[in-house]
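Taking it in order: structure first as structure tokens, then the write-up.
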């Protein structure tokens, strides 16, 4: 529960890896020059990101201090920056405005509108366990679906066997149902 005291509390100390750092070479610095710096200090590149200005994740030698290694890279004059590789934990909560303001109390009930905090479907706990389900199709049985909605449009699946009517207006499945716009042919990819 969010309280005034929680808002005033100091954030927890930033956590970072004790055996690697991030370095980005200055513009115009040849990569072999940075490779020579890695060799001088005994580090090695774990991963490079050429599309991000050649940002590198650098593995430190055993027992090396993160602070000392950052200082060595900064002192070399080769890097735009050298910094700790901070450890982050993604929070898998929705960015929907109505979720954040408490309107979607069935997903996360924080006690607004006279509700009981915690009387919800525990969606936030599940979002930390299961983040994707692209292979699952959820059937939408609702004639009032707004197919152009920003959350639905890019995720709609249309049953390839349910293709509507042909050029003459005939029902392609020959089941007597008008297929165009039929909700039986649409699902939502999660």
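Structural remarks
- Residues 45, 23, ranked from the fewest to the most other C-beta atoms within 10 Å, line up as 45, 23.
- Ranked list, fewest to most other Cβ atoms within 10 Å of each Cβ, for 70, 129, 110: 129, 110, 70
- Cα convex hull of the stretch 16-86 - mean projected area over all directions, nm²: 4.1 nm²
- Taking the stretch 16-86 and dividing mean pair separation by its residue count, relative contact order in percent (alpha carbons under 8 Å, at least six apart): 49 percent
- Rounded if a/c under 1.5, otherwise prolate or oblate - the stretch 45-89, Cα gyration tensor axes: oblate
- Each residue in 65, 94, 76 was given a count of other beta-carbon atoms within 10 angstrom of its own, and listing them fewest first yields 65, 94, 76.
- Note on residue 129 and residue 151: the extension gain reaches 5.8 nm, defined as 0.36 nm multiplied by sequence separation minus the Cα-Cα distance.
Any read-out appearing in this document is the output of simple, stated calculations on the displayed coordinates, not a laboratory observation. Predicted model, so just to flag it, every value in this text is computed and none were measured. Glycine also receives a Cβ, built like all others from the backbone with ideal geometry; neighbour counts cover every protein chain displayed.
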